[in-house]
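A.B. asks: Mind looking over this structure? Questions follow.
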Protein chains: 2
Amino acid sequence: MPADAPAAKIDGTKGLGAEVVLYDRATQDRDALTAGLAAERGLALIPPFDHPQVIAGQGTLGLELAEQAADLDLGLTKAPVLVCCGGGGLASGIALALAATAPGLRVQTVEPAGFDDMARSLATGQPQRNDRTAGSVCDAILTPAPGRLTLPVLAAHAGPGLVVTDDQALDAVAAAFRHLRLVLEPGGAVALAAALWGDLPPGPVIAIASGGNVDADLFAKAIRRGDRTASPPTPTGPTGTAASA
Amino acid sequence: MPADAPAAKIDGTKGLGAEVVLYDRATQDRDALTAGLAAERGLALIPPFDHPQVIAGQGTLGLELAEQAADLDLGLTKAPVLVCCGGGGLASGIALALAATAPGLRVQTVEPAGFDDMARSLATGQPQRNDRTAGSVCDAILTPAPGRLTLPVLAAHAGPGLVVTDDQALDAVAAAFRHLRLVLEPGGAVALAAALWGDLPPGPVIAIASGGNVDADLFAKAIRRGDRTASPPTPTGPTGTAASA
């Protein structure tokens with residue numbers, strides 16, 4: 001895990017019996033580090049997003065949401081489905097599941113400002129990298145570039161990508177605390193932030209709330225910002241492109 | 001509402017279009033106040049707990065939990081069901097539902113220390129009152145005495161009552177934040193507190209988590225206490241009686 005991962009995440013993982021190896025996300029290459037560890041110790045490497053079975057597993061969330069959306073009294077069959085996006089495993093799994101079962105529900109990725117490699121990759125049709133690897137409260141979704149497998153899936157079945165600021169992510173953490181009674185980490189609240197303050201057409205919106213690994217101090221800071229759902233901050237589009245790119 | 005209700009609860013109710021009338025829970029009688037308002041304005045009074053339809057409505061939670069418990073892989077048919085208890089509406093509704101559909105699941109009420117009128121009433125077979133009407137962080141469940149309808153139901157189908165301290169309630173708020181990713185108010189976390197630290201026989205326990213009207217400052221204070229699920233505080237029984245009374 002990155003050394004700046006929330007203590008709650010590091011401790012929780014150790015509590016489940018794991019050995020946690022920390023690395024510096026600004027100076028070390030995670031892929032090289034884990035490949036080395038796997039070779040050295042004879043371990044199987046399970047990538048966090050860029051693997052067919054990981055993507056398929058995360059896609060079960062798409063199957064569930066399609067079923068739930070159809071079950072609602074309104075019989076929701078057409079809506080944007082906003083998904084928190086790092087490397088794009090969750091988003092591509094959901095996009096594949098929805099393409100097969102509920103094609104009117106279309107995934108739009110949501111990333112933190114400054115780490116919108118997927119939005120720019122989808123907008124340009126070419127894989128784009130982020131300039132930085134650290135520097136956002138959305139720690140769990142600060143991947144350097146789209147996955148080799150996830151980008152083609154999302155190019156075919158998702159987009160355009162949306163971007164929210166760290167302030168909007170923290171405001172969405174506060175909104176989930178106040179209105180949904182859910183504990184979200186900032187990176188798990190970016191889809192909700194885009195649903196609340198993003199540039200979307202009128203009508204129903206589905207947002208994935210995913211990830212609650214947040215330390216008490218940061219959560220306390222977020223919820224003390226107050227409830228801004230009544231006075232929306234200004235939404236932003238992907239860096240350097242229009243929001244509708 | 002009591003004047004010391006969480007601002008989030010007062011503001012949220014106003015936000016839904018209600019007029020909120022505040023009273024002092026230490027010096028004013030809620031029942032007299034609301035009866036006067038109802039007569040003066042020609043309003044229908046909906047009691048918070050002591051009414052057959054309110055109890056029946058809250059009992060739907062018992063139907064749902066019996067269904068979910070039976071659906072679990074373990075096919076849970078025998079367990080204590082811990083329920084946060086003020087006047088006893090929620091507890092008596094669940095107790096009636098379980099008596100009819102899953103008699104092996106038995107309700108035990110959980111109250112804050114110093115406000116354990118129901119535990120003492122169940123232990124003695126006679127309605128008992130609390131000495132105080134205020135003075136606990138569990139604001140929503142500080143009722144003066146059991147309901148006229150709820151006590152006979154609980155005497156027939158529930159008990160013994162359990163009691164937790166305010167510190168245990170706050171520790172349970174922290175545990176729900178950390179492990180369940182749920183926002184609970186202290187009064188909504190007393191059942192979880194009893195499940196974690198109460199004097200219960202070994203085996204599965206069902207606890208109702210109910211109520212998330214908590215202001216950011218109190219929630220921040222609770223979650224900063226840290227996770228005490230690993231080092232349990234000492235449980236307590238009903239005031240002046242053994243925990244197994």
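The values are calculated or read from the model by the stated rules, or taken from the named source; none is laboratory data. From a predicted model like this one, the values you see are computed outputs, not experimental measurements. Note that each Cβ is placed from the backbone with ideal geometry, even for glycine, and that neighbours are counted across all protein chains shown. Heads up: the accessible areas ignore ligands, DNA and RNA and are worked out on the full protein's heavy atoms, side chains in. Shrake-Rupley method; radii C 1.70, N 1.55, O 1.52, S 1.80 Å.
A.B. asks: Find how many whole Å separate the alpha carbon centroid of segment B:36-66 from the alpha carbon centroid of segment A:149-166.
C.D. replies: Measuring centre to centre over Cα atoms gives 48 Å.
A.B. asks: Applying 1/(1 + (r/R0)^6) with R0 = 25 Å to the Cβ-Cβ distance of B:Arg224 and B:Asp4, what FRET efficiency is obtained, to the nearest 0.05?
C.D. replies: Rounded to the nearest 0.05, the efficiency is 0.70.
A.B. asks: Also: With a Förster radius of 41 Å, plug the Cβ-Cβ distance of A:Ala134 and B:Arg129 into 1/(1 + (r/R0)^6) and report the FRET value to the nearest 0.05.
C.D. replies: 0.10
A.B. asks: I would also like to ask the following. Compute the Rg to Rh ratio over segment B:1-95 from the alpha carbon atoms, using the Kirkwood formula for Rh, and round to two decimal places.
C.D. replies: 1.09
A.B. asks: What whole-number value in Å² describes the accessible area per residue of segment A:78-207 for a 1.4 Å probe?
C.D. replies: Accessible area per residue: 33 Å².
A.B. asks: Further, regarding this structure: At A:Thr13, label 7 Å along Cα→Cβ: distances to the other copies, nm, ascending?
C.D. replies: Listed shortest first, these distances are 4.5 nm.
A.B. asks: If you roll a 1.4 Å probe over segment B:98-216 with all protein chains in place, what percent of the accessible area is carbon or sulfur?
C.D. replies: Ligands and nucleic acids excluded, carbon and sulfur reach 54 percent.
A.B. asks: Each residue of segment B:157-174 in turn: what ³J(HN,Hα) in whole Hz from Karplus with 6.51, -1.76, 1.60 and θ = phi - 60°, glycine and Pro shown as x?
C.D. replies: 10, 8, x, x, x, 10, 9, 10, 7, 4, 4, 5, 4, 5, 5, 6, 4, 5
A.B. asks: Taking a label point 7 Å from Cα toward Cβ, how far is B:Thr101 from its twins in the other copies, in nm, shortest first?
C.D. replies: With the label placed 7 Å along Cα→Cβ, B:Thr101 yields 2.5 nm.
A.B. asks: Considering only A:Leu184, A:Ala44, B:Ala119, whose Cα is most displaced toward the positive end of the charge dipole of the protein assembly as shown, charges sitting on Cβ of Lys, Arg (+1) and Asp, Glu (-1)?
C.D. replies: Checking the options against the dipole of the protein assembly as shown, the answer is A:Ala44.
A.B. asks: Here is a further query. Skipping prolines and chain starts, which residues have an amide H placed within reach, meaning under 5 Å, of the one on A:Val205, given they are 5 or more residues away or on another chain?
C.D. replies: Placed amide hydrogens put nothing under 5 Å from A:Val205.
A.B. asks: What list of ³J(HN,Hα) couplings, whole Hz, do you get for segment B:215-226 from phi and the Karplus terms 6.51, -1.76, 1.60, once you set θ to phi - 60° and write x for glycine and proline?
C.D. replies: 6, 4, 5, 5, 5, 4, 4, 5, 6, 6, 5, x
A.B. asks: Between B:Gly17, B:Leu63, B:Cys84, whose Cα lies farthest towards the positive end of the dipole of segment B:12-94 when Lys and Arg beta carbons carry +1 and Asp and Glu beta carbons carry -1, centred on the Cα centre?
C.D. replies: Looking along the dipole axis, the top candidate is B:Gly17.
A.B. asks: From the label point of A:Ile46, set 7 Å from Cα along Cα→Cβ, how far away are the matching label points in the other copies, in nm, ordered shortest to longest?
C.D. replies: Those label-point separations list as 4.7 nm.
A.B. asks: Take the rotation relating chain B to chain A, measure from its axis to every Cβ in chain B, and name the nearest residue with the distance in whole Å.
C.D. replies: Smallest Cβ distance to the axis, with its residue: B:Ala220, 2.
A.B. asks: Check each residue of segment B:178-227 and keep those whose accessible area, probe 1.4 Å, is at least 50 Å² smaller with all protein chains in place than in the chain alone; give them in order of residue number.
C.D. replies: B:Arg178, B:Arg181, B:Val183, B:Ala216, B:Arg224
A.B. asks: Related question: Could you tell me whether segment B:32-142 comes out rounded, prolate or oblate from its Cα gyration tensor? Rule is a ≥ b ≥ c as square roots of the eigenvalues, rounded for a/c under 1.5, then prolate if a/b exceeds b/c, otherwise oblate.
C.D. replies: Because a/c hits 1.5 or more and a/b fails to exceed b/c, segment B:32-142 counts as oblate.
A.B. asks: Rg to Rh ratio, segment A:96-199, alpha-carbon atoms and Kirkwood radius?
C.D. replies: Reported Rg/Rh, Kirkwood definition of Rh: 0.98.
A.B. asks: Given charges of +1 on the Cβ of Lys and Arg and -1 on the Cβ of Asp and Glu, with all other atoms neutral, how large is the dipole of the protein assembly as shown about its Cα centre, in debye to the nearest 20?
C.D. replies: 120 debye
A.B. asks: Check which residues have an amide H placed less than 5 Å from B:Leu182's amide H, if you skip close sequence neighbours.
C.D. replies: The answer is A:Val183, B:Phe177.
A.B. asks: Another one. How much accessible area does B:Val20 have with a 1.4 Å probe, in Å² rounded to the nearest 10?
C.D. replies: 30 Å²
A.B. asks: Okay, next question. So how far apart, in nm, are the two label points at B:Ala32 and B:Ala44 if each is 7 Å from Cα heading toward Cβ?
C.D. replies: Label-label distance for B:Ala32 and B:Ala44, simple model: 2.8 nm.
A.B. asks: Would you mind calculating the relative contact order of chain A from Cα pairs under 8 angstrom and at least 6 residues apart, reporting the percent as a whole number?
C.D. replies: So the answer I get is 19 percent.
A.B. asks: Now, a different point. Chains B and A: buried accessible surface, both sides, probe 1.4 Å, rounded to 100 Å²?
C.D. replies: That pair hides around 1500 Å² of surface in total.
A.B. asks: How compact and how long is chain B, expressed as Rg and Dmax of its alpha-carbon atoms in Å?
C.D. replies: 17.6, 55
A.B. asks: I've got another one for you. Please state the relative contact order of segment B:1-50 as a whole percent: Cα pairs under 8 Å, 6+ residues apart?
C.D. replies: For segment B:1-50, the relative contact order is 30 percent.
A.B. asks: Report, by chain and number, residues whose modeled amide H sits under 5 Å from the one on A:Val107, excluding near sequence neighbours (fewer than 5 apart, same chain).
C.D. replies: A:Val81, A:Gly159
A.B. asks: Quick one: pull the percentage of alpha-carbon pairs in the protein assembly as shown with a separation above 45 Å.
C.D. replies: Result for the distance tail: 21 percent.
A.B. asks: So, with a 1.4 angstrom probe, what is the percent of accessible area on segment A:13-96 that is carbon and sulfur?
C.D. replies: 57 percent
A.B. asks: Which whole-Hz ³J(HN,Hα) couplings does segment B:85-97 yield from phi under the Karplus relation 6.51 cos²θ - 1.76 cosθ + 1.60, θ = phi - 60°, glycine and proline marked x?
C.D. replies: My calculation for segment B:85-97 gives 9, x, x, x, x, 4, 5, 6, x, 5, 4, 5, 5 Hz in order.
A.B. asks: Another question, then. Given a Förster radius of 22 Å and the C-beta distance between A:Thr77 and B:Ala56 as r, what FRET efficiency does 1/(1 + (r/R0)^6) yield to the nearest 0.05?
C.D. replies: 0.05
A.B. asks: I would also like to ask the following. Using a 1.4 Å probe on the protein heavy atoms only, what accessible surface does A:Lys14 show? Give it in Å² to the nearest 10.
C.D. replies: Near enough 110 Å² of accessible area.
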